[in-house]
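For reference, the structure discussed in these notes is given below.
Taken together, the values in this text are just the output of simple stated rules run on the coordinates, not laboratory data. If you're wondering where the values come from, they're calculated on a predicted model, not measured in any experiment. Cβ sites come from the backbone with ideal geometry, for glycine too, and all protein chains shown count toward neighbours.
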Amino acid sequence: MATKTKSNEIKITRIYDAPVRSVWDAWTDPKQVAKWWGPRGFTLTTHSKDLRPGGSWKYTMHGPDGVDYPNDTQYFEVEECAKLVYDHGGNDDQPPLFRVTVLFSEVHGKTKMEMSMKLASPEAAEETRKFIKMAGGNSTWDRLAEFVEKELSGKEKFIINRSFNAPLKQMFEMWTDPKHFAQWLPPTGFKMQFIRSDIRAGGSSFYCMMNDTGMKMYGRAEYLKIEKPNRIVYTQQFCDENEKVTRHPMSPTWPETMLTTVELTEEGADETRVTLTWEPYGATTSEELETFIKARDGMTQGWTGSFDKLEEYLQG
């Protein structure tokens, strides 16, 4: 998520579980970048790419609503596997929107991507932050994480990041204290109640979500790892009121068991980034996997709604 400052820069940091070369190639190879560039639902057509100082990348982004967005990126610095500097958002009808600097570095076998977008003024930066959030622009970097994961391991995962104005300790409590967790996790229109909760490694929980019409959905979680204050890993299943495992009430081909990994990273004294990874767990049929893959847009909307509620809850 864009860092909230009063400067004319928007900064984004991500850690990818992949070598720098893999992330660099995903950025610079037209065939690879077409598989992840842009918000969820967008596709990409590259017309030409000349990756060198003074070169350009001409492409069109195709929105899910059928609108095309032509782009002419101009490169100023290209340091292989290390740095890109370019102007973004320009085309025949408008000047560039901002100058982008992307740094790639190796950290414990993973890749740290540090991006800054420099605009004309703090006001322009704030407006761009709002536009990025409204357009789901940050999902671009989640799609990159999913792409490099698939390329390296063959696994299909859903990944979403969000930064919150809350210290690391408080954010850990939001995920591990039932009285907090139940306030923000449920889908819009639902309330959540823990029938049993033992949130620790080796523990489990049993809960119910209900809406105003009386619809109830039961679920259970098994906690595999809890590494305070940075990592929580658990499985989830739908079940009935007796904790007997059932299928998703609105999607019978949804995977029976999901694995959730939550990583909490301190971005400042009072800011924490949440990286959530969701993936099918255990025996999964090809039909279930296909259902999962096609549901990424919906998962983004669902988790975005929960994170919006978490943001409001933290402010309260």
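Stokes-Einstein diffusion for region 1-144 at 20 °C, viscosity 1.002 mPa s, with a Kirkwood radius from C-alpha pairs, works out to 137 µm²/s. Loop-resident GluC sites (Glu not before Pro) (DSSP state other than H, G, I, E or B) in region 73-144 with no more than 13 further Cβ atoms inside 10 Å of their Cβ: Glu80.
Distances over 20 Å make up what percent of all Cα-Cα pairs in region 110-188?
Working: 1741 of 3081 pairs.
Summing the P(r) tail past 20 Å for region 110-188 gives 57 percent.
When you work out D = kT/(6 pi eta Rh) for region 65-175 at 4 °C and 1.567 mPa s, using the Kirkwood radius from C-alpha pairs as Rh and the Stokes-Einstein form, the result is 77 µm²/s.
Write out the trypsin sites (Lys or Arg not before Pro) in region 2-95 meeting two conditions: DSSP loop, and at most 10 other Cβ atoms within 10 Å of their Cβ. Could the numbers behind the result be given before it?
Numbers: sites: Lys4, Lys6, Lys11, Arg14, Arg21, Lys31, Lys35, Arg40, Lys49, Lys58, Lys83; in loops: Lys4, Lys6, Lys35, Arg40.
Qualifying residues, ordered by number: Lys6.
Semi-axes of the equivalent ellipsoid of region 263-316 are 29, 14, 8 Å, computed as sqrt(5λ) over the eigenvalues of the C-alpha gyration tensor in descending order.
Across region 146-256 the C-alpha pair distances fall into 10 Å bins from zero in the proportions 12, 36, 37, 14, 0 percent.
Computed from the alpha carbon atoms alone, the convex hull of region 210-261 holds 98 Å³ per residue.
How large is log10 of I(q)/I(0) for the chain at q = 0.12, 0.13, 0.14 Å⁻¹ when the intensity is taken from the Debye formula with one equal scatterer per alpha-carbon? Log10 I(q)/I(0), no solvent term: -0.89, -1.03, -1.18. For region 204-316, a/c is not less than 1.5, where a ≥ b ≥ c are the root eigenvalues of the C-alpha gyration tensor, and a/b tops b/c. That puts it in the prolate class. Taking all C-alpha pairs of region 87-132, those more than 13 Å from each other amount to 65 percent. With all projection directions averaged, the alpha carbon convex hull of region 232-273 covers 4.4 nm². Each listed q (0.14, 0.30 Å⁻¹) maps to a log10 I(q)/I(0) for region 36-94 from the Debye sum over equal C-alpha point scatterers, namely -0.42, -1.20.
Report the GluC sites (Glu not before Pro) located in region 243-316 that are in a DSSP loop and have at most 16 other Cβ atoms inside 10 Å of their Cβ, or state none.
Details: sites: Glu243, Glu256, Glu263, Glu266, Glu267, Glu271, Glu287, Glu288, Glu290, Glu311, Glu312; in loops: Glu243, Glu256.
Within region 243-316, the qualifying GluC sites (Glu not before Pro) (loop, at most 16 other Cβ atoms within 10 Å) are Glu243.
Computed over region 225-281, relative contact order equals 31 percent, with contacts defined as Cα pairs under 8 Å that lie 6+ residues apart.
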